[in-house]
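The values are calculated or read from the model by the stated rules, or taken from the named source; none is laboratory data. Worth saying up front: this structure is predicted, and the values here are computed from it rather than measured. All Cβ positions, even for glycine, are placed from backbone atoms using ideal geometry, and neighbour counts span all protein chains on display.
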Amino acid sequence: MMVPEDDSEATIQQPDFLSRVKTSVDVSESVTDSRTLSGSQLPLSEPNLITVKVLNPEKVGDGMSSYVVYTIKTTTNIPSFKHSNMCVQRRFSDFIGLYERLKSKYLHEGVIIPYPPEKNVIGTTKLRLSRSSSADTEFIEKRRVSLECFLHRITNHPVLMNDAYVHEFLELEGELPRHTGVQVLSGATAKKLLRNVGEAVGKLTFKMDEVDEYFDFKDEELENWDIQGSRLYSNLSSLVVDQNDLANSTLALSKALSVLANVEEHTGLARALGQLADTEDQIAHFLSVQAEAQSTFLVEYAKGVLSMIHSCRDTLSERVRVFRMRRDYESTLRGKREQKVRIEMSPKADRGKIPTLEREIGELTHRVEESEEEFEKISATIKKELELVDEARFEEFKAAVISYLTTTLQMHEKTLKVWEAFIGHAKAIE
């Protein structure tokens with residue numbers, strides 16, 4: 001059968017649509033103290049850029065003890081990094097450890113921490129049982145794309161990109177210090193289930209009296225995005241399946257036409273059928289490439305949107321936690337004050353308890369004031385974080401669509417060429 005001219009162009013490039021998004025971090029807006037969410041520096045003469053690529057997944061070891069390492073190449077002109085070009089190797093558990101460290105350090109402050117890809121037990125087990133040392137399977141490639149997206153979102157965040165853990169992750173050659181509890185915490189699916197149950201119970205047992213319409217609006221917006229994003233992800237996944245089915249059916253048609261050409265007695269018709277079989281074979285290849293592009297650029301984008309929605313909800317839950325803590329302090333404070341008043345008004349009460357109550361009232365008053373300040377601070381931080389998420393979402397959508405349309409246009413142009421080439425063979429039938 002004929003082979004497409006310049007077949008190397010008939011396959012999509014390594015799926016890294018996030019590289020099309022310009023990663024520019026203005027250090028003047030970031031923080032020098034990792035515990036502070038605002039700071040000021042002199043504006044720099046040129047933008048500070050950082051590009052992170054996750055490349056060359058490679059299987060290490062054999063059997064159930066094997067694992068996959070990824071090469072991470074970083075290029076940056078940000079002064080806080082020791083080198084402008086860095087190359088390290090990390091395994092999947094290292095990414096989970098980075099996420100857990102950032103979450104424990106920043107989530108309670110209102111920072112939205114991007115989710116890493118979920119741990120796929122079935123895919124990981126199949127890979128470990130495989131005898132091949134190559135890790136270029138579809139499962140690993142999708143994970144590679146998701147890990148690159150995860151790092152992109154972290155390094156594009158004005159707070160997280162300055163964190164010592166992130167610098168260590170990108171700079172430290174050799175193995176990272178093991179984060180305790182990684183194996184337990186890496187089951188993102190189980191965590192999501194427990195989180196959803198916890199949120200449902202929390203909503204039933206506690207109703208927050210929202211004082212800011214902005215958060216009511218955002219909560220409703222995230223709910224709608226979750227519903228529509230889930231539908232989009234489901235429909236795009238079905239589209240990829242249908243596209244692959246079409247590619248397989250077209251390939252089967254090509255084989256059937258080839259067999260028919262071999263038994264056709266008419267020379268001209270047999271030649272035309274053979275050329276048609278070659279044409280359909282090329283079309284099947286182009287359809288397969290389009291399916292891969294749909295999966296890489298569109299399905300993974302939709303999955304990333306859902307992931308960020310869950311991250312936003314985690315952060316909003318922290319705000320509710322702070323609000324509930326403040327209400328608990330206020331309720332306890334009221335109870336202590338009422339108890340003190342009852343003792344003062346009752347001649348038979350033990351007045352020796354009053355000094356203790358006064359001390360407790362003073363401590364609770366201080367805690368109420370601190371919790372009020374913390375609530376205002378986390379609310380302001382979350383507003384800024386949600387604005388960053390919206391900006392990143394727009395850019396990622398633009399990059400994903402442009403990448404997909406570019407690949408689709410290339411495949412359509414190649415399809416047009418092979419059909420134009422076949423017309424001459426069809427007209428030659430006598």
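Looking at Glu292, Glu265 in this structure, which one is more than 30 Å from Glu109 (Cβ to Cβ) and not in a helix (DSSP H, G or I)?
Numbers: Glu292 fails: not in a helix (DSSP H, G or I).
None of the others qualify; the one that does is Glu265.
Which pairs turn up if I take residues in the range 245-268 that are assigned by TED's automatic domain parsing to the domain that holds Gln282 and look for partners that are outside any helix (DSSP H, G or I) and of a type in the set (D, E, K, R) with beta carbon separation below 7 Å, at least 6 apart in sequence or on another chain?
Pairs found: Gly268/Glu430.
Which numbered condition in (1) in contact with a Phe, Trp or Tyr (Cβ under 9 Å, 6 or more places away or on another chain); (2) under 17 Å from Tyr165 (Cα atoms) is the only one that Leu107 fails?
Of the numbered conditions (1) in contact with a Phe, Trp or Tyr (Cβ under 9 Å, 6 or more places away or on another chain); (2) under 17 Å from Tyr165 (Cα atoms), the odd one out for Leu107 is (1).
What is the number of the single condition among (1) in contact with a helix residue (DSSP H, G or I) (Cβ under 7 Å, 6 or more places away or on another chain); (2) under 25 Å from Phe217 (Cα atoms) that Asp390 does not meet?
Single failed check for Asp390: (1).
Has the range 18-32 got at least one residue that is closer than 29 Å to Glu138 by Cα, assigned to a loop (DSSP other than H, G, I, E, B), modelled with pLDDT under 85 and not charged (D, E, K, R)? It would help to see each step written out before you state the result.
Residues of the range 18-32 that are closer than 29 Å to Glu138 by Cα, as a first pass: 18-23.
Right, trim to assigned to a loop (DSSP other than H, G, I, E, B) and you get 21-23.
Adding the requirement that they be modelled with pLDDT under 85 leaves 21-23.
Adding the requirement that they be not charged (D, E, K, R) leaves 21, 23.
Yes, that holds for at least one residue.
Would you say Val368 is in contact with an Asp or Glu (Cβ under 8 Å, 6 or more places away or on another chain), in the same structural domain as Leu316 (by TED's automatic domain parsing) and either part of a helix (DSSP H, G or I) or in contact (Cβ under 8 Å) with a residue 24 or more places away in the chain (or both)?
Values: in contact with an Asp or Glu (Cβ under 8 Å, 6 or more places away or on another chain): yes; in the same structural domain as Leu316 (by TED's automatic domain parsing): yes; either part of a helix (DSSP H, G or I) or in contact (Cβ under 8 Å) with a residue 24 or more places away in the chain (or both): yes.
It is true that Val368 is in contact with an Asp or Glu (Cβ under 8 Å, 6 or more places away or on another chain), in the same structural domain as Leu316 (by TED's automatic domain parsing) and either part of a helix (DSSP H, G or I) or in contact (Cβ under 8 Å) with a residue 24 or more places away in the chain (or both).
Report yes if Thr408 is within 30 Å of Ser254 (Cβ to Cβ) and surrounded by 14 or more Cβ atoms within 10 Å (Cβ to Cβ), otherwise no. Can you show your working first?
On the way: within 30 Å of Ser254 (Cβ to Cβ): yes; surrounded by 14 or more Cβ atoms within 10 Å (Cβ to Cβ): yes.
Yes: the conditions hold for Thr408.
Between residues in the range 296-319 that are under 20 Å from Glu141 (Cβ atoms) and residues that are buried (at least 22 other Cβ atoms within 10 Å of the Cβ), which pairs lie under 6 Å by C-beta distance while being six or more apart or on different chains?
Qualifying pairs under 6 Å: Phe297/Phe17; Phe297/Ala400; Phe297/Ser403; Glu300/Val145; Tyr301/Ala400; Gly304/Cys149; Ser307/Tyr115.
Any residue in the range 373-400 that is more than 24 Å from Tyr233 (Cα to Cα) sitting within a Cβ distance under 8 Å of a residue that is surrounded by fewer than 18 Cβ atoms within 10 Å (Cβ to Cβ) and at pLDDT below 90? List the pairs, counting only those 6 or more apart or interchain.
Hits for this filter: Ser379/Asp212.
Conditions: (1) modelled with pLDDT of 90 or more; (2) surrounded by 15 or more Cβ atoms within 10 Å (Cβ to Cβ). Ala380 meets all but one. Number of the miss?
Of the numbered conditions (1) modelled with pLDDT of 90 or more; (2) surrounded by 15 or more Cβ atoms within 10 Å (Cβ to Cβ), the odd one out for Ala380 is (2).
Determine which member of the set Lys218, Lys192, Lys203 is modelled with pLDDT under 95 and either farther than 28 Å from Tyr301 by Cα or not in a helix (DSSP H, G or I) (or both). Explain how you work it out, then say what you get.
Details: Lys218 fails: either farther than 28 Å from Tyr301 by Cα or not in a helix (DSSP H, G or I) (or both); Lys192 fails: either farther than 28 Å from Tyr301 by Cα or not in a helix (DSSP H, G or I) (or both).
The unique qualifying residue is Lys203.
Working carefully through the options Ala284, Ala272, Ala291, find the one that is in contact (Cβ under 8 Å) with a residue 24 or more places away in the chain and over 30 Å from Ala428 (Cβ atoms). Walk me through it before giving the result.
Details: Ala284 fails: over 30 Å from Ala428 (Cβ atoms); Ala272 fails: over 30 Å from Ala428 (Cβ atoms).
Unique residue meeting the criteria: Ala291.
Applying the selection to the range 309-356, what residues are of a type outside the set (A, V, I, L, M, F, W, C) and within 29 Å of the chain's Cα centre (by Cα)? Write out each step before concluding.
Of all residues in the range 309-356, those of a type outside the set (A, V, I, L, M, F, W, C) come to 310-311, 313-315, 317-319, 321, 324, 326-332, 334-340, 342, 344, 346-348, 350-353, 355-356.
Of everything in the range 309-356, those that are of a type outside the set (A, V, I, L, M, F, W, C) and within 29 Å of the chain's Cα centre (by Cα) turn out to be His310, Ser311, Arg313, Asp314, Thr315, Ser317, Glu318, Arg319, Arg321.
Return the only residue of Glu223, Glu138, Glu148, Glu175 being more than 20 Å from Met308 (Cβ to Cβ) and at pLDDT 80 or above. Let's see the steps before the verdict.
Values: Glu223 fails: more than 20 Å from Met308 (Cβ to Cβ); Glu138 fails: at pLDDT 80 or above; Glu148 fails: more than 20 Å from Met308 (Cβ to Cβ).
It is Glu175.
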